[in-house]
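What follows is a set of notes on a single structure, which appears directly below.
The values are calculated or read from the model by the stated rules, or taken from the named source; none is laboratory data. Remember, predicted model here, so these are calculated numbers, not experimental data. All Cβ positions, glycine included, derive from the backbone under ideal geometry; neighbour counts span all protein chains shown.
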């Protein structure tokens with residue numbers, strides 16, 4: 001008989017896997033995301049109470065769904081306003097946990113839940129918190145630790161998000177065709193925001209938080225399964241897979257930050273690179289004009305295919321950024337394009353692009369702007385100016401590992 005701690009770990013693992021579909025199925029029944037999550041949480045509590053004594057059921061997901069569905073029926077019976085929905089839920093026998101669950105219906109509900117969690121009516125931080133809670137299966141403390149905020153802050157974001165969805169009357173459905181591009185863009189944005197916070201943490205002592213990258217990758221893979229014909233979904237998955245392949249190499253001894261061109265490429269995860277290139281091939285198979293995520297994935301693939309930093313095809317990367325810039329319309333993309341141009345056409349050409357960003361008053365508090373400018377100045381032999389830029393960049397970043405890297409460059413000069 002497994003110990004109580006072993007059962008608890010099993011419950012937590014099952015919950016992480018099953019909770020998105022569980023909440024999605026319940027939301028499809030109840031048409032209320034908040035109620036669905038409460039019912040799912042009730043089932044989790046029941047599992048924590050009963051599985052240590054009764055043993056782990058052969059089909060944990062079906063067990064959780066059966067318990068949740070029974071609780072849903074009890075709720076409906078207690079509330080006359082939901083009386084009509086009782087017939088929709090059907091009957092569940094009190095003496096068994098066997099319940100038929102239509103996989104296709106659950107997948108449809110899961111897609112609906114994705115669009116609801118990432119609805120534009122919510123602020124970005126609320127979308128992220130709700131998505132991690134409902135689709136990632138993370139607890140409030142886990143989300144709080146991941147983003148270095150208090151548990152009460154995360155809890156408030158989630159409560160307010162559910163209230164905002166209810167107040168706005170957001171329907172539990174896939175958007176109409178004319179709404180879908182904008183709504184899908186919000187879903188992809190939330191997923192990539194989660195990934196980026198894991199890939200390059202904005203604050204704290206650790207430069208990377210692989211668990212967040214894993215959560216985003218799992219969401220991306222779910223999206224690719226739910227929307228196999230959407231080119232940009234595969235583009236985002238390709239981008240995340242390839243970037244995630246570098247996570248081990250991004251951190252050196254003692255947690256030190258390691259820049260891309262200084263990384264030991266033998267430490268890159270070639271399984272993830274292969275998955276990323278396969279996802280990028282799906283983009284080509286679907287056809288059409290590549291979108292922003294597909295273009296960024298193509299850029300990442302250029303780095304992944306280069307056996308050494310010197311073999312990087314910077315001319316192709318610069319051309320890809322030229323294609324990306326009018327689609328993304330982002331000063332950060334322009335800054336990255338300046339890096340590529342600086343590598344392809346020389347540091348003076350790159351510095352001219354960076355100085356244009358500065359002259360336009362863009363990215364005034366973005367630490368990578370002075371960091372990139374410092375890199376280019378070093379290559380031009382303007383070391384005193386470069387050190388000043390690295391010092392400024394270090395003061396702007398909230399991440400301790402990255403600050404140490406930048407402060408080191410400010411002290412030592414060219415490296």
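Structural remarks
- Checked against the criteria, residue 276 does not count as touching a helix residue (DSSP H, G or I) at 6+ places or on another chain (Cβ under 6 Å) and either over 24 Å from residue 337 (Cα atoms) or assigned to a loop (DSSP other than H, G, I, E, B) (or both).
Table: residues versus (1) more than 23 Å from residue 404 (Cα to Cα); (2) assigned by TED's automatic domain parsing to the domain that holds residue 398; (3) touching a helix residue (DSSP H, G or I) at 6+ places or on another chain (Cβ under 7 Å).
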position	(1), (2), (3)
336	no, yes, yes
339	no, yes, yes
343	yes, yes, yes
347	yes, yes, yes
352	yes, yes, no
372	no, yes, yes
378	no, yes, yes
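- Matching residues, the stretch 338-353, being surrounded by fewer than 21 Cβ atoms within 10 Å (Cβ to Cβ) and free of Cβ contacts under 8 Å to residues at least 24 places away in the same chain: 346, 349, 352, 353
- Residue 195 fulfils the conditions (1) touching a helix residue (DSSP H, G or I) at 6+ places or on another chain (Cβ under 7 Å); (2) surrounded by fewer than 21 Cβ atoms within 10 Å (Cβ to Cβ); (3) within 15 Å of residue 246 (Cα to Cα) except for a single criterion, (2).
- Only one of 148, 165, 135 that is within 24 Å of residue 292 (Cβ to Cβ) and in contact (Cβ under 8 Å) with a residue 12 or more places away in the chain: 135
- Under the condition of being assigned to a loop (DSSP other than H, G, I, E, B), surrounded by 13 or more Cβ atoms within 10 Å (Cβ to Cβ) and modelled with pLDDT under 70, the residues counted in the stretch 68-127 number 4.
- In the stretch 145-161, the residues that are surrounded by fewer than 21 Cβ atoms within 10 Å (Cβ to Cβ) and either at pLDDT 90 or above or assigned by TED's automatic domain parsing to the domain that holds residue 233 (or both): 150, 151, 152, 153, 155, 156, 158, 159, 160
- For the stretch 354-363, the set of residues classified as out of contact with any helix residue (DSSP H, G or I) (no Cβ under 9 Å at 6 or more places or on another chain) and either crowded, with 19+ Cβ neighbours inside 10 Å or closer than 28 Å to residue 201 by Cβ (or both) consists of 361 only.
- Candidate set from the stretch 279-298 (those that are free of Cβ contacts under 8 Å to residues at least 40 places away in the same chain and assigned to a helix (DSSP H, G or I)); member that is surrounded by the most Cβ atoms within 10 Å (Cβ to Cβ): 298
- The stretch 402-415 - residue that is touching a helix residue (DSSP H, G or I) at 6+ places or on another chain (Cβ under 7 Å) and in a helix (DSSP H, G or I) and, of those, surrounded by the fewest Cβ atoms within 10 Å (Cβ to Cβ): 407
- Residue count for the stretch 165-180, restricted to those that are assigned to a helix (DSSP H, G or I) and surrounded by 13 or more Cβ atoms within 10 Å (Cβ to Cβ): 3
- Residue list for the stretch 374-393, restricted to those being closer than 24 Å to residue 204 by Cβ and either in a loop (DSSP other than H, G, I, E, B) or within 26 Å of the chain's Cα centre (by Cα) (or both): 393
- Some residue of the stretch 226-236 being in the same structural domain as residue 280 (by TED's automatic domain parsing), at pLDDT below 95 and assigned to a helix (DSSP H, G or I): yes
- Of all residues in the stretch 191-212, none satisfies being touching a residue at least 12 places away in the same chain (Cβ under 8 Å) and more than 30 Å from residue 395 (Cα to Cα).
- Any pair with Cβ under 6 angstrom, 6 or more apart, that starts in the stretch 1-27 at a residue that is in contact (Cβ under 8 Å) with a residue 24 or more places away in the chain and ends at one that is in a helix (DSSP H, G or I) and surrounded by fewer than 16 Cβ atoms within 10 Å (Cβ to Cβ): 11/48
- Looking only at the stretch 367-401, and only at residues there that are in contact with a strand residue (DSSP E or B) (Cβ under 8 Å, 6 or more places away or on another chain) and either surrounded by fewer than 20 Cβ atoms within 10 Å (Cβ to Cβ) or free of Cβ contacts under 8 Å to residues at least 60 places away in the same chain (or both), the one that is farthest from residue 357 (Cα to Cα): 400
- Flag if residue 354 is within 27 Å of residue 210 (Cβ to Cβ), part of a helix (DSSP H, G or I) and more than 22 Å from the chain's Cα centre (by Cα): no
- Some residue of the stretch 37-44 being part of a loop (DSSP other than H, G, I, E, B), without any contact (Cβ under 8 Å) to a residue 12 or more places away in the chain and over 19 Å from residue 115 (Cα atoms): no
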